[in-house]
1. Can you tell me how many residues in the stretch 169-190 are surrounded by fewer than 15 Cβ atoms within 10 Å (Cβ to Cβ) and touching a residue at least 12 places away in the same chain (Cβ under 8 Å)?
2. Among the candidates 410, 419, 360, single out the residue that is under 17 Å from residue 312 (Cβ atoms) and open to solvent by less than 70 Å² (accessible area, probe 1.4 Å).
3. When the residues of the stretch 265-288 are filtered to those that are without any contact (Cβ under 8 Å) to a residue 60 or more places away in the chain and assigned to a helix (DSSP H, G or I), which remaining residue is nearest to residue 35 (Cα to Cα)?
4. In the stretch 77-93, how many residues are touching a residue at least 60 places away in the same chain (Cβ under 8 Å) and open to solvent by less than 10 Å² (accessible area, probe 1.4 Å)?
5. So which residues in the stretch 226-260 are of a type in the set (A, V, I, L, M) and more than 19 Å from residue 358 (Cβ to Cβ), if there are any at all?
6. I'm told residue 347 meets every condition in (1) touching a Lys or Arg at 6+ places or on another chain (Cβ under 8 Å); (2) open to solvent by less than 50 Å² (accessible area, probe 1.4 Å); (3) farther than 30 Å from residue 77 by Cβ except one. Can you identify the failing condition by its number?
7. Considering only the stretch 228-246, how many residues are touching a strand residue (DSSP E or B) at 6+ places or on another chain (Cβ under 9 Å), open to solvent by 20 Å² or more (accessible area, probe 1.4 Å) and part of a loop (DSSP other than H, G, I, E, B)?
8. Is it the case that residue 333 is of a type in the set (Ser, Thr, Tyr) and part of a strand (DSSP E or B)?
Amino acid sequence: MPRPNILYIHSHDTGRYVQPYGYPVPTPAIQRLAEQGVAFRSCFCASPSCSASRSALVTGMAPHNNGMLGLAHRGWALYDYKTHIVHTLRTAGYRSTLCGVQHVASDAAVIGYDEVLKPPSSNAEGVSAAASAFLRARPHEPFFLSVGFIETHREFREPGPAEDPRWCRPPEPIPDTPETRRDMAAFKASARALDAGMGAVLQALDDAGLAANTLVVCTTDHGLAFPHMKCNLTDGGTGVMLILRGPGGFQGGRTCDAMVTHADVFPTLCDLAGIAPPPWLQGRSLLPLARGEAEELHDAIFTEVTYHASYEPMRGVRTRRWKYIRRYDGRSTPVMPNCDDSPSKDVWLAAGWRQRPIAPEQLYDLVFDPNEACNLATDGAHAAVLDEMRKRLDRWMRETADPLLDGPVPAPPGARVNPADGLSPREPVVPAAPGA
């Protein structure tokens, strides 16, 4: 059987807030994909920050190992672009094409794609039109096609009749107010556009007769751009949709509850294509889960943030039952520039969010506290759990040579960072030292 084509189709800031994950966000095209493939219900990104998250998927490494400790458009880059998956796939005859968002390089040319399409616009309509035309032209096989949508990044689209704010509910961490309901309505309008774009690309794949031998990998970078979600190590920040459809057992409209991570995608593609995995990979192939040969791959998932708009170093570990987060910046209040401006952020700010204390260590019981609202780190009854989770995180940081072990992590020369005491990522940036 010929090596399968790969369609990597991905969104911005969507988390799991799509129809097949049970949320009241109509996404019929993504729903159809889930009903034909395998939806991973417990997938987590490596970092709830745009570039860092994507870098882990395309390199199979933690961001602090691949170099993407901040945002590509603000001065960060991979240590070695040869670790990008397109180079490994090329050794097996794959031709790689990029259409739309990539967010792991300030200039897509340095990544190493064989071809970079130029959509007529950067929105879902333009990106899907270019990707669809590419597929209908019957490209060289096997191909790796990355289709990246800017949706559902802010600014959101204007709600239409299908997104009446009166009947919308904001995501779990956010209070239910007229302002936040309208904010969620606007998110749903953007999700509608995203779904239409994804649906058009998937239809083009069908029309070209390519679907049977194409693995579709549908995901997003991290959680929604709302407070306590994006750029937070809570499940609301790190939980992401991941739907695979195609050869290898990714069929049948099944769900998988095993904890998996974006770093598992690269080894999966190597496994499926019969390519020797490069030595730097830190994830594990998903094929044993898809084929019913395993029930779990990981007993813990590790996540991180170093820089986003501002320096906010933190690391986390999640098991089935527990979440542990440790902060390294010495701050006792939130870093406002790392939350995108929004009506929902304004509601929190008006209630005094800037002054709310934030603990240097956090421990959550995910069974009784799935919204991670009750920090148990100072509860003596959970001292043994806290000690075990600390040890898990310390061991992972040592094994992966996390630079935080040596103290504050410097920004690369010329990087642009917002002062941590600021309010908005839109405020003036500075060439910053760590913690500025």
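1. 4
2. 419
3. 287
4. Looking only at that region, the number is 2.
5. Scanning the stretch 226-260 gives 240, 241, 242, 243, 244, 258, 259, 260.
6. (1)
7. Qualifying residue count for the region: 1.
8. Taking the combined requirement at face value, the residue does not satisfy it.
The values are calculated or read from the model by the stated rules, or taken from the named source; none is laboratory data. None of the values given here were measured: they were computed from a predicted structure. We place every Cβ from the backbone using ideal geometry, glycine too, and count neighbours over all the protein chains shown. Accessible surface is based on the protein model in full, side chains and every heavy atom, while ligands, DNA and RNA are left aside. Shrake-Rupley method; radii C 1.70, N 1.55, O 1.52, S 1.80 Å.
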